[in-house]
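Novice: The structure's right below; bear with me while I get my questions together.
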Amino acid sequence: MIDQTNAMLSRASALRAQGRGEEALALYRRIVSEAPSHGLALYSLAAVLGDEGAFQEAADVAQRALAVGFDRAETWLVRARALAGLGRFEPARACFEAVLTRRPDMLAARYELSQLVWMCTADRDGALAPFDQALLSNPAEPALLFARAKALEYMGEIEAAQNAMASLANSRPQDLPPQLAAAYLSAAAGHADEAMAFVERALERAPDDMDALTAHEYACLANGRPGAAAQSDQR
């Protein structure tokens, strides 16, 4: 029975990875009906329900997974997202915080918690707290700095986001993502020359990277050079 359940879980997971959500959902329902206390099956069913927008059932099934002992950060994250989808923001916030208690390195949870706080309160310091608290013990962590800059962008603080991302990009010139993010933010903030400088740095490291080439087109347009953008598109 255990081997059969594991085989069914593997099959359902493969279906989900292939984008066949309805088939995966049906199979997870079958597994849970046959093994109602199987924590992984309950978590997986809750995750697919969340993907399908069935937030109330997703929240309920995630709670069942927790009740049978599947107390994982991922389970709390599924429940947090489902509760947020239902507009139950305070319980969702508590669940996001439970995620980070279990997995402080889960950046997606930090970013979504930041968005939730900002949406509910417009409290800048509160929205940045998920990053600032983590940065106290690891002030140079690039992933945290990147996510914090993106949070500033989400909050509409384009100039502050540009400054933060540019600082990160300049401190890590070998990393492509901050160069490209800094380019877009520089253009959005009206710093067209800086945008081009970041793009050119990215292209030095990855001349055939499609994201870098797309950013180059954007930077050319920001600099009033549509002809150069067309040439970039022909590479």
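Novice: Give the distance, in whole Å, between the Cα centre of the stretch 145-212 and the Cα centre of the stretch 125-139.
Specialist: 21
Novice: Okay, next question. Using a 7 Å offset from the Cα along the Cα-to-Cβ direction at both THR5 and GLU157, what is the distance between the two label points in nm, to one decimal?
Specialist: 4.8
Novice: Relative contact order of the stretch 118-235: what whole-number percent is it, with Cα pairs under 8 angstrom and at least 6 residues apart?
Specialist: Rounded, it is 15 percent for the stretch 118-235.
Novice: When the accessible area of the stretch 16-106 is computed with all protein chains present and a 1.4 Å probe, what percentage of it is carbon and sulfur? The partial results should precede the final answer.
Specialist: Details: 2190 of 4450 Å².
Carbon plus sulfur share of accessible area: 49 percent.
Novice: Here are a few candidate values for mean projected area of the Cα convex hull in nm²: (1) 19.3; (2) 15.9; (3) 15.2. Which one was actually calculated from the structure I just gave you?
Specialist: Answer label, from the structure shown: (3).
Novice: May I pose another question? If you count only protein heavy atoms with a 1.4 Å probe, what accessible area per residue comes out for the stretch 142-222, rounded to a whole Å²?
Specialist: Per residue, the stretch 142-222 has an accessible area of 44 Å².
Novice: Now for a separate question. By its C-alpha gyration tensor, with a ≥ b ≥ c as the square roots of the eigenvalues, how is the stretch 84-143 shaped: rounded for a/c under 1.5, else prolate for a/b larger than b/c, else oblate?
Specialist: Details: a/c = 2.46, a/b = 1.50, b/c = 1.64.
Oblate shape, in that a/c is at least 1.5 and b/c is the bigger or equal ratio.
Novice: Output the peptides 121-127, 104-110, 71-77 sorted from most to least packed, where packing is the average of other Cβ atoms within 10 Å over each peptide's residues.
Specialist: Numbers: 121-127: 13.4, 104-110: 18.0, 71-77: 20.4.
In descending order of packing, they fall as 71-77, 104-110, 121-127.
Novice: Sticking with this structure for a sec: Please give the contour-minus-distance gain from ALA26 to ALA129: 0.36 nm per residue of separation, less the Cα-Cα distance, rounded to one decimal in nm.
Specialist: Numbers: separation 103, 0.36 × 103 = 37.08 nm, distance 3.97 nm.
Working it through step by step, the gained length comes to 33.1 nm.
Novice: Taking loop as defined by DSSP and a crowding limit of 15 other beta carbons within 10 Å, which trypsin sites (Lys or Arg not before Pro) in the stretch 5-57 fit?
Specialist: Here the sparse-neighbourhood loop sites are ARG20.
The values are calculated or read from the model by the stated rules, or taken from the named source; none is laboratory data. Note that the coordinates shown come from a computational prediction; the quantities given were computed from them, not determined experimentally. All Cβ positions, even for glycine, are placed from backbone atoms using ideal geometry, and neighbour counts span all protein chains on display. For accessibility, only protein heavy atoms count, side chains too; no ligands or nucleic acids. Shrake-Rupley method; radii C 1.70, N 1.55, O 1.52, S 1.80 Å.
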